[in-house]
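Quick notes on the structure that follows.
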Amino acid sequence: MDGKDMRMQRWMLVTVSCALLSACVSGNGVSRGDGPDRAIGWLHGNCLALEDASARVGQEVAVVMLGEEQQVMTAQVTGTANDGGECIALTDDRRDTNLRNGLTFYKIGADAQVELGIGVVQAGGSRALTVSELLDTNGDGRRDSFSHCTTSEGVQFSVWTDEARSGAPMWTGYYYLGYDIEANCPEDR
């Protein structure tokens, strides 16, 4: 093989590699199965913590309020949260640890106050998703399960394909509280 043929092979390899990489990273957010792109995060009060820093003002959030009975509501991103006055997770006793996890914090406008919850934001796609579609985070046609439990210093949030705590969660988030609490998470989580 001469130099010209080797250059042509390298060029084709680079071109094909770039095309494949572009297909993998199109859209903003994390691709979950065959479903549309979504960003998942946890909430304390009306403050949403996301690993995805691209949420926009006015963007709809499907919120699963965690408690004895889970309730679902919609909310909208109203801006970024920068301090403890806007976001409990950013108060002085927990700010550094929660920011160290690479999260971006957003204020949300909702009809009800959220104690603890999991929020799902459409991060990409060409059409607006319904709440039911947002809560099917992996795109398999079924609503996923949402859960939380406490560790000795925080809250572990999880989203499951099937029943909560059945198999491995497809998403987890951790919220450091800054004080000791009684843990109730199963040993294997």
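For the range 141-150, the condition holds for at least one residue, the condition being that it is under 13 Å from the mean Cα position of the chain (by Cα) and at pLDDT 85 or above.
The set of residues in the range 55-99 being within 16 Å of the chain's Cα centre (by Cα), open to solvent by 40 Å² or more (accessible area, probe 1.4 Å) and not β-branched (Val, Ile, Thr) consists of Arg56, Glu60, Gln76, Leu99. When you look at Asn138, is it surrounded by 17 or more Cβ atoms within 10 Å (Cβ to Cβ) and assigned to a helix (DSSP H, G or I), yes or no? Against the criterion (surrounded by 17 or more Cβ atoms within 10 Å (Cβ to Cβ) and assigned to a helix (DSSP H, G or I)), Asn138 does not qualify. Within the range 158-189, the set of residues being of a type in the set (D, E, K, R) and touching a Ser or Thr at 6+ places or on another chain (Cβ under 9 Å) comprises Asp162, Glu163, Arg165, Asp180, Glu182, Arg189. Checking the structure you have, find out if any residue of the range 117-135 is assigned to a loop (DSSP other than H, G, I, E, B), modelled with pLDDT of 90 or more and out of contact with any Lys or Arg (no Cβ under 6 Å at 6 or more places or on another chain). So far as the range 117-135 goes, no, none of its residues is assigned to a loop (DSSP other than H, G, I, E, B), modelled with pLDDT of 90 or more and out of contact with any Lys or Arg (no Cβ under 6 Å at 6 or more places or on another chain). Of the candidates Ala49, Ala55, Ala39, the single residue that is part of a loop (DSSP other than H, G, I, E, B) and at pLDDT 50 or above is Ala55.
Quick check on Gly167: is it within 22 Å of Arg56 (Cα to Cα) and in a loop (DSSP other than H, G, I, E, B)? No, not satisfied.
The values are calculated or read from the model by the stated rules, or taken from the named source; none is laboratory data. As the structure is a prediction and not an experimental result, all values here were calculated from the model. In this analysis, Cβ positions are derived from the backbone assuming ideal geometry, glycine residues included, and neighbour counts consider all displayed protein chains. SASA here: full protein model, heavy atoms, side chains in, ligands and nucleic acids out. Shrake-Rupley method; radii C 1.70, N 1.55, O 1.52, S 1.80 Å.
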